[in-house]
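The values are calculated or read from the model by the stated rules, or taken from the named source; none is laboratory data. Everything numeric here is computed off the predicted structure, so don't read it as measured data. Here Cβ is always computed from backbone atoms with ideal geometry, including for glycine, and neighbour counts include all displayed protein chains. Note: accessible area is taken over every heavy atom of the protein model, side chains too, but ligands, DNA and RNA are not part of it. Shrake-Rupley method; radii C 1.70, N 1.55, O 1.52, S 1.80 Å.
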Amino acid sequence: MVYSIMEINRSPVLLPNITLGFKLYDSCYNEVRSLMGTTWILSGSKDVAPNFIYNCHKDILPSAIVGDMTSKASIPMARILGLYRYPLVSYAAAHPILSDKVQFPSFLRTMPNDNYEIFVIAQLVKYFNWTWVGMITTDNELGRSGSQLLMKEIERNGGCIAFLETLPIYNSLESVLRIVDVIKESKATVILVYSTMENLISLMEEASFHNITDKVWFGCGSWSITSDFPRKDILTTLNGSLSMSLPLGKIPGFKEFLYSIHPSNFANDIFIKRFWEKAFGCTWPAEGVNNLTTQVSFGEGIRWCTGNEKLGSIDPTVYDVYNFRYTYKIHNAVYAIAHALHEMNSCVQGNGPFKNRSCADIYNHQPFQVLYYIRNGKFENPAGETMFFDENGDVPLYVDVLNWQLYPNGSYQYVHVGSYDARSPKGQELNIDKDKIVWNIGNGKVPLSVCSSPCSRGQRRATRQGQKICCFDCLPCSEGEILNPNDNSECLKCPDDMWPNASKEKCVPKPVQFLSYEESLGSSLTCIAVTCSVLTFSVLCLFIIKRRTPIVKANNRELSYLLLVSLMFCFLCSLVFIGRPEKMTCILRQVVFGIIFSICLSVILAKTITVIMVFTATNPDSKLKRLVGLRIPIYIVPSCTVVQIVLCIIWLTTYGPFVEFNMAAEVGTVIVECNEGSKVLFSCVLGYMSLLASTSLLVAFLARKLPDTFNEAKFIAFSMLVFASVWVTFIPAYLSTKGKYMVAVEIFAILSSSAGLLTCIFFPKCYIILLQPEMNTKDYITGRKRIHALS
């Protein structure tokens, strides 16, 4: 404070031609003495008259008061001074209640509110992902209110308090031992200490005695491990601890000023000689006493102070001229008052802030006028930092994060590992350098402090009954659900067209499934269909080439041609079932299949009836002889096919097939399929095909024993048995499959039944045509050749 005032008085810019003075009162950390000093200032003498109007020395009344250090002393001072709107600027009182401008209208401070510190501690707990922490506080009003606020802030960030223990104001070994037992048994690795150091000393001694070195102690801004815990076992216990601290301030020239202090320069300073003796371990000889005589009288152990001792030789841990924390806050408090007085002195009449736009006289002003300028002032201190007070009389929050580090050689120090600056852009206030932090546990990694380990991806937290939310079991999300990104204790169901990814963190579109040409199954069926159709076409070409041979002419070669063409299209119609279903392909699939197979079955029925009519007509008594010339079997094909065409037209015009995205048939997959529309009409189409097949099978079965060398009815009967077997087997296989495999089963049934017809009806004839041409004669077919051979 003295240095700051000296600098201001030397400044040609700040308060030019005006000299500041000061009075110092030592409160000795005592509220009563603080109040006494306050009343002395207000009354102007030690004859206390606690009323501002009774001050008989108003001409020497200070413009403002700087202090006190402790909150317990500042609160009563601020109450009294607030009655007169007398400005009180504190450099260390951090109690949150002092921000209440109703109770303390004239109180301001150059350090943050304690509640801000609580907010930073909670932010750091969240930053390190500590969700299960213990807390120790002091049994006083500040400890109780602060711990409750800290607990609320941690829980708001998703953390939990494993335990809350209160240290008694008066030492109690029983309470301390109980707290030590709680700490040892708790799963919490991090212990938050919201307590003053004097109440914590006995606990730390017991903690070190019980070798509790597996905890991280996190203290508030009042921690000062170096001075309060000199024993090495306690320092070992606290190794790796974190604490909040006021930021290191820069006071230009102050280090040199401290090194220039000498009794000869401050002759009226009552503390300077006592300081010198304490710093150098010497004694100043009394004035007028011979040094040697005194030395003999008091023994050889006395070392006399000479005044030649150098302050630069003192260990910085004893005489610290580098780290200015509270010192810097005092510096800012003095400059805040000086700048307020400067603004007051610079006021122009008619543009002032007071009644009738008047200004205040710097030599004769009221306390509230100085308070106005301090509260509304904004200035840049000598270190270049911008200073101002908010509406509560507080400065913007800025604190350092320190890590207490003990080294193997026995040395130790606080290491700056981060800071919190409320003036930074949102989201960038907290800045931590993890690499600088030394932990007592964790092998260099941030130690865990959780009740339950974090759940794996895709698992939700299920709170254990009767326990806090931080103690939970991990349960996997149900099928089709993802973890709620905003609440990891519940799962969300994905939309019908989406499905969880592998980690169950987000919904992704379901894979679309259909039988495509690109996959092996689709390409294999395509190759089989094309191969069979080419083979059928080859048989057709063979029959056309050999059309005049008896084996081709037998049983109506036109029907054979039509049957081969129908079979070729039967093979090819299976290709409509492969590929992504579209509106047109869905319409064509079953309709083309139904019509072509109806033609095929109608031809087989006509061929069977032809066989019966031909062989029955040889009987002289047969009544069918008259029907042979009418070529009735030729008309069976169009008449039977027309019925199927009519059914298909009715089906398509009422409720025909359409594309459907089936999301329920197979888990996690969207099946693109054709919905057949009207199930009744679709059943009618299939039923009619079954009727034709059954009729053909029955007629062929009855004609199987007709006498002839080459009775085609036998082959037709066998082919229809194969056809019926395929489709009877198809029904359960089709119903037991899903997705693209349903389509594959139907294609397989189409191909196998068509191949059965081709093989059973035409391959025997091809065998004779190609390999047994001697059997492809009229005599052999009619049986005459064999009769001649026998005769």
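With all protein chains present and a 1.4 Å probe, how do Lys436, Lys583 order by accessible area, largest first? Don't skip to the end; give the middle numbers.
Numbers: Lys436 100, Lys583 150 Å².
So the residues, ranked largest to smallest area, are Lys583, Lys436.
Mind checking the full-extension length gain between Lys310 and Asn392? Use 0.36 nm per residue of separation minus the Cα-Cα distance, one decimal, nm. Show your work: numbers first, answer last.
Numbers: separation 82, 0.36 × 82 = 29.52 nm, distance 4.47 nm.
Full extension from Lys310 to Asn392 adds 25.1 nm.
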Say each of Asn501 and Met775 gets a label point 7 Å from the Cα, pointing the same way as Cα to Cβ; how far apart are those two points in nm?
6.8 nm
Quick one: helix 740-771 against the long Cα principal axis of the chain, what's the angle to the nearest 10°, folded into 0 to 90?
30 degrees
Would you mind putting 501-510, 258-267 in packing order, based on average other-beta-carbon counts within 10 Å, highest first?
501-510, 258-267
At R0 = 41 Å, FRET efficiency that the Cβ-Cβ distance of Glu582 and Ile545 yields, to 0.05
0.55
Got a sec? Which residues in the stretch 566-596 would a label at Glu519 touch, if it sits 7 Å along Cα→Cβ and we count backbone N under 13 Å?
578-581
In deg cm²/dmol and to the nearest 500, what is the mean residue ellipticity at 222 nm of the chain if only DSSP H runs of at least 4 residues count, each as -39500 (n - 2.57), divided by the residue total?
-14500 deg cm²/dmol
Charge dipole of the chain about the Cα centre (unit charges at C-beta), most positive-ward option of Gly253, Met613, Pro454:
Met613
Choose one of Gly480, Leu20, Ser43: the residue whose Cα lies farthest towards the positive end of the charge dipole of the chain (beta-carbon charges +1 Lys, Arg; -1 Asp, Glu; about the Cα centre).
Gly480
What does the accessible area of Asp269 come to, in Å² to the nearest 10, when a probe of 1.4 Å is used?
70 Å²
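Just to verify a number: FRET efficiency for Ser639 and Ser456, C-beta to C-beta distance, R0 = 41 Å, to 0.05? Please report the intermediate quantities before stating the final value.
Numbers: r = 69 Å, r/R0 = 1.69.
Efficiency computed from Cβ-Cβ geometry: 0.05.
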Suppose every Lys and Arg Cβ carries +1 and every Asp and Glu Cβ carries -1, with no other charges. What dipole size does the stretch 444-520 come out with about its Cα centre, to the nearest 20 debye?
600 debye
Could you tell me how many degrees, from 0 to 90 and to the nearest 10, lie between the Cα long axis of helix 557-573 and the main elongation axis, the longest principal axis, of the Cα atoms of the chain?
0 degrees
Is the stretch 489-569 rounded, prolate or oblate when judged by the Cα gyration tensor, a ≥ b ≥ c being the square roots of its eigenvalues, rounded requiring a/c under 1.5 and prolate requiring a/b larger than b/c?
prolate
Rounded to the nearest 10 Å², what accessible area does Phe682 show when all protein chains are kept and the probe is 1.4 Å?
40 Å²
A convex hull over the alpha carbons of the stretch 339-421 yields, per residue, a volume in Å³ of 154 Å³
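Output needed for the stretch 552-611: three equivalent-ellipsoid semi-axes, defined as square roots of 5 times the C-alpha gyration tensor eigenvalues, in descending order, whole Å.
The equivalent ellipsoid of the stretch 552-611 has semi-axes of 29, 10, 6 Å.
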Sort Thr695, Thr654, Thr137 by heavy-atom solvent-accessible area, probe 1.4 angstrom, most to least.
Thr654, Thr695, Thr137
Among Phe577, Phe209, what's the order by accessible area (1.4 angstrom probe), most exposed first?
Phe209, Phe577
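When the dipole is taken about the Cα centre of the chain, and only Lys, Arg (+1) and Asp, Glu (-1) are charged at their Cβ, what size is it in debye, to the nearest 20? Before the final figure, lay out each step's value.
Details: 71 positive and 65 negative charges, 1097 e Å.
Here the chain has a charge dipole of around 5260 debye.
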Given a cut-off of 24 Å, name the pairs among Lys714/Lys778; Lys23/Lys329; Lys215/Lys426; Lys23/Lys273 whose C-alpha atoms lie farther apart than that in the structure shown.
Lys215/Lys426
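Across the chain, how large is the tail of the calculated P(r) beyond 44 Å, expressed as a percent of all Cα pairs?
Details: 181633 of 312445 pairs.
Every Cα pair in the chain considered, those over 44 Å come to 58 percent.
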Given a 1.4 Å probe and every protein chain left where it sits, what share in percent of the accessible area of the chain is carbon and sulfur?
58 percent
Total charge dipole magnitude, the stretch 343-461, about the Cα centre, Cβ charges on Lys, Arg, Asp, Glu only, Debye to nearest 20:
720 debye
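Can you tell me the length gained on complete extension of the stretch Trp284 to Val508, counting 0.36 nm per residue apart and subtracting the Cα distance? Intermediate values should be presented prior to the final figure.
Numbers: separation 224, 0.36 × 224 = 80.64 nm, distance 8.47 nm.
Result: 72.2 nm gained on full extension.
Would you work out if the stretch 436-512 is rounded, prolate or oblate? Take a ≥ b ≥ c from the square roots of the eigenvalues of the alpha-carbon gyration tensor; rounded if a/c is under 1.5, else prolate when a/b is larger than b/c, oblate otherwise. Show your work: numbers first, answer last.
Numbers: a/c = 3.91, a/b = 1.84, b/c = 2.12.
Since a/c reaches 1.5 but b/c is at least a/b, the shape of the stretch 436-512 is classed as oblate.
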Just to be sure I understand: of the beta bridges DSSP finds with both ends in the stretch 462-539, what percent are antiparallel, rounded to 5?
100 percent
From the square roots a ≥ b ≥ c of the eigenvalues of the alpha-carbon gyration tensor of the stretch 144-195, which class results: rounded (a/c under 1.5), prolate (a/b over b/c), or oblate?
oblate
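Out of the DSSP beta bridges found with both residues in the chain, what percent are antiparallel (nearest 5)?
Numbers: 37 of 63 bridges.
Around 60 percent antiparallel, to the nearest 5.
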So the FRET efficiency between Arg79 and Val415, C-beta based with R0 = 45 Å and rounded to 0.05, is 0.65
Set Lys and Arg Cβ to +1 and Asp and Glu Cβ to -1, take the dipole of the chain about its Cα centre, and tell me which of Leu542, Gly377, Gln428 lies farthest positive.
Leu542
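For the chain, what relative contact order do you get, as a whole percent, if you take Cα pairs closer than 8 Å and at least 6 residues apart? Don't skip to the answer; put the middle values down first.
On the way: 1226 pairs, mean separation 70.6, N = 791.
In percent, rounded to a whole number, it is 9.
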For Leu83, what accessible area in Å² do you get when you roll a 1.4 Å probe over the heavy atoms of the protein chains, rounding to the nearest 10?
130 Å²
